[in-house]
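The values are calculated or read from the model by the stated rules, or taken from the named source; none is laboratory data. These numbers come from a predicted model, not from an experiment. Please note: Cβ atoms are built from the backbone with ideal geometry, for glycine as well, and neighbour counts cover all protein chains shown. For accessibility, only protein heavy atoms count, side chains too; no ligands or nucleic acids. Shrake-Rupley method; radii C 1.70, N 1.55, O 1.52, S 1.80 Å.
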6 protein chains.
Amino acid sequence: MLYLTRRETFNAAHKLHVPAWSDEENLRVFGKCSNKNWHGHNYQLFVTVAGEPDPVTGFVMDAKVLSTIVKREIIDEVDHANFNLDVDWMPAGMQPTTENIVRLFWERIEAQVNENGARLYCIRLQETENIAAEYYGPEGRK
Amino acid sequence: MLYLTRRETFNAAHKLHVPAWSDEENLRVFGKCSNKNWHGHNYQLFVTVAGEPDPVTGFVMDAKVLSTIVKREIIDEVDHANFNLDVDWMPAGMQPTTENIVRLFWERIEAQVNENGARLYCIRLQETENIAAEYYGPEGRK
Amino acid sequence: MLYLTRRETFNAAHKLHVPAWSDEENLRVFGKCSNKNWHGHNYQLFVTVAGEPDPVTGFVMDAKVLSTIVKREIIDEVDHANFNLDVDWMPAGMQPTTENIVRLFWERIEAQVNENGARLYCIRLQETENIAAEYYGPEGRK
Amino acid sequence: MLYLTRRETFNAAHKLHVPAWSDEENLRVFGKCSNKNWHGHNYQLFVTVAGEPDPVTGFVMDAKVLSTIVKREIIDEVDHANFNLDVDWMPAGMQPTTENIVRLFWERIEAQVNENGARLYCIRLQETENIAAEYYGPEGRK
Amino acid sequence: MLYLTRRETFNAAHKLHVPAWSDEENLRVFGKCSNKNWHGHNYQLFVTVAGEPDPVTGFVMDAKVLSTIVKREIIDEVDHANFNLDVDWMPAGMQPTTENIVRLFWERIEAQVNENGARLYCIRLQETENIAAEYYGPEGRK
Amino acid sequence: MLYLTRRETFNAAHKLHVPAWSDEENLRVFGKCSNKNWHGHNYQLFVTVAGEPDPVTGFVMDAKVLSTIVKREIIDEVDHANFNLDVDWMPAGMQPTTENIVRLFWERIEAQVNENGARLYCIRLQETENIAAEYYGPEGRK
């Protein structure tokens, strides 16, 4: 089993804010991330697939095909966008934390990646140089 | 003459948008940066001062003092903020491009830096891994 | 299961040196790392926790709480310090190799992290751009 | 179990090209990577070994010994070389994709690494800032 | 005067080799870079322009226009290419050193950049993490 | 005029401490950097030379020769060393700040670099990801 990782980048705005809470409660839980006027990040997305290299091409999966899927299903939807306002496949009331986002990204691309000879293995999202989240699918790391 | 550079980081939202223009004109000029719902970046700010090292301390300027000025005058004002909505020293109608921001940052801290034995030499702002701007003050690079 | 990683940085001095050995033996085994007058590094510490995101906050664990624990129990103890001389929870005679340090760091924070709704999953310590160590706890990677 | 990772770097040329195919077919499958006149990369190689730290030295494995093995068996063979023309242990007809290379590297060093008290755990090869591959041996990640 | 820097990346092969010299002489002067079968790099290209920000757009120069010029005149010509064989605007007999390449790149884009309201100020080419060259035009740094 | 930059790395220990001052005064001025038991850094050293590329080799200066000078005169002296105790060309009482070190490094190599067809232009020392110093020689940036 070989693992291939492709990086894509995007820039987006978001805030962490529970409408049912007071501003004070939001500030207490989410700190400056609750600023009502938004803030944003340069996100780095790392998508890892697992499989056996094709005996002729040497590809676990064609990285161009992987990139096309990730760009169409994720980057085109979130780049220069606002996670809270612009992403219609983000469920109402779900906070756009790094943890929640990687799980949504997994659901967006798993089926399409798996149709291409490899298996989606991990989605890693680097939000800042100090924070990142990883998800290995609903059955966990195998 | 020695040059000392201190890096600080912050995360902010912004958009590039001229209200007098149509959405189409904004899109044509600013591309995805004109998204009305904002986007954002992990900014890296590099502040460079010039001077002679103190013969006893070896400091061109105490980096902790420099950091205190930059945090109080800039970072506390723009971190987890929206350049268009939250920064009251950004003139009305000025686009928060990297070029405009570095000049505003210069004006925020020049006097305070120069009171501390060194001279503000350069402000560099890295917006993404692909875009940065630099400013050397109104009299230019010397 | 989601994984959240928080980076912290610190600068420290150390040496690798077995007092019972001759200088020649220390030099043979540890090379320049045995210099009796110390050397040092800019360490990058990556702490990963695993858990389910809270349905309201979207947090596997509040990154600010994680950071507070890591700073209080680790960074405040080792930053601008000497691993051999200043860290009283480093057992006498234990070499401050990257491998030994990550295990000690695990023991410092495991209980406190696990009281906060997530499980400590991995501690990674980057000593230089060329050397890093990882530890997944006494029961190993799960 | 502790994991120690050592980075080495090298620069090499390669192309992805199946001689039995037409130029058009090569271009369709491999894109610009099929350029008959080669292209190249600054590769970063990360070799991870697993083991228990020696109670006296604190080493899972002496990083200098690991580096010596990796340099002699891999770096000296591929640095400033052409994967398709200069590497005689690359089987005829095998494409020098990142996925195929990490598996060949594993076979080059596994026995020698394992003679030194640790177990080869992972080989990761970063081809560009956007592409990397990992291999955990014929029995997979354990 | 403000300075705006745009990064682009490309991967290319080259060798340093004077045909009139013996292999021994080439090896003595160019070391492993003279390997007849080529080697290659992930190049990072930083193009800096200088000017005054437009009072309406805040742009010294539209970074998308700058990127379009650089991609058309440079990246499309050298990406996944061989500097010695594929670049017809590299003079015969000129070695593709980082120093020579940045000067050729300057000549490729200076006129087109300067037609867009800014002045080409610097071209920096990072060949590896250890080597880079910069050029400020035939009249030097101003 | 072309500029060529070569990076070298080293790891060292130091402290900032004026013996004539009380511990309190040292702590007030130097903060944690005054810890009597030392701390350390992974330093990155960038040496820039200026000149015209040789018409045959394309070299402003042979980077291997530059590297040899820098390694012999600087890296071999400070790597895995203590700036305060091990570097006999650091004047007594001089604080090993980044600013003071770059000036000492300049004096160590200027004559030898300038004998090789190029002119030493800049020495930049990156102490941490947040602090760096630059020196352009006693006559300043030209």
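Brief remarks follow.
- Amide H contacts under 5 Å for residue E:84, placed H, 5+ residues apart: E:15
- Here region C:2-135 is treated with +1 on each Lys and Arg Cβ and -1 on each Asp and Glu Cβ, and its dipole about the Cα centre works out to around 200 debye.
- Normalising the average separation of contacting C-alpha pairs (under 8 angstrom, six or more residues apart) by the number of residues puts the relative contact order of region C:1-51 at 59 percent.
- Amide H partners (placed H, <5 Å) of residue B:121, local residues excluded: B:48, B:49, B:50
- Efficiency of FRET between residue C:27 and residue C:71 - r from beta-carbon atoms, R0 51 angstrom, step 0.05: 0.90
- Listed values for region B:13-27 are Karplus-derived 3J(HN,Hα) couplings in whole Hz (6.51 cos²θ - 1.76 cosθ + 1.60, θ = phi - 60°), namely 10, 6, 8, 9, 6, 9, x, 6, 9, 6, 4, 5, 5, 4, 5, and x replaces Gly and Pro.
- Residue-normalised accessible area of region B:2-135, expressed per residue, 1.4 Å probe, Å²: 37
- About the Cα centre, charge dipole magnitude for the protein assembly as shown (Lys/Arg +1, Asp/Glu -1 at Cβ), debye: 0
- Computed with a 1.4 angstrom probe on protein heavy atoms, the E-F interface buries about 1800 square angstrom of accessible area in total.
- Convex hull volume of region A:35-107 per residue (C-alpha atoms, cubic angstrom): 101
- One Cα centroid belongs to region C:110-142, the other to region C:1-42; the line between them spans 19 Å.
- Residue B:54 accessible area, assembled protein chains, probe 1.4 Å, Å²: 60
- Computed extension length for residue A:88-residue A:20: 22.4 nm, one decimal, from 0.36 nm per residue of separation with the Cα-Cα distance subtracted.
- Within the same chain, lysines fewer than 8 places from residue E:71 are excluded, and of the rest, those with a Cα less than 24 Å from its Cα are A:64, A:71, B:32, D:15, D:32, D:36, E:15.
- Residue A:89 accessible area, 1.4 Å probe, all protein chains in place, Å² to nearest 10: 50
- Solvent-accessible area, 1.4 Å probe, carbon plus sulfur percent, for region D:2-135: 49
- Shielding by partners, peptide C:115-128 (average Cβ within 10 angstrom, other chains): 1
- Nearest-0.05 FRET efficiency for residue A:56 and residue D:107, computed from C-beta distance (R0 22 Å): 0.65
- In chain F, helices alone account for a calculated mean residue ellipticity at 222 nm of -7000 deg cm²/dmol, with every DSSP H run of four or more residues adding -39,500 (n - 2.57).
- Across E:97, E:57, E:48, mean-square fluctuation computed from a Gaussian network of chain E (C-alpha pairs under 10 Å connected) peaks at E:57.
- Converting phi to 3J(HN,Hα) with the Karplus coefficients 6.51, -1.76 and 1.60 and the offset θ = phi - 60°, region B:94-102 yields 7, 6, x, 6, 4, 4, 5, 5, 4 Hz in sequence order, with x at every glycine or proline.
- Stokes-Einstein diffusion coefficient of chain E, Kirkwood radius over Cα pairs, 20 °C, 1.002 mPa s, in µm²/s: 133
- Relative contact order (%) - region D:2-135, alpha-carbon pairs under 8 angstrom, separation at least six: 32
- Whole-Hz couplings from phi, Karplus 6.51/-1.76/1.60, listed for region F:119-124; x for Gly and Pro: 10, 5, 10, 8, 10, 10
- Under-5 Å amide H pairs with residue E:2, H placed in peptide plane, nonlocal only: E:51, E:52
- Three-way shape label, the protein assembly as shown, alpha-carbon gyration tensor, a/c 1.5: rounded
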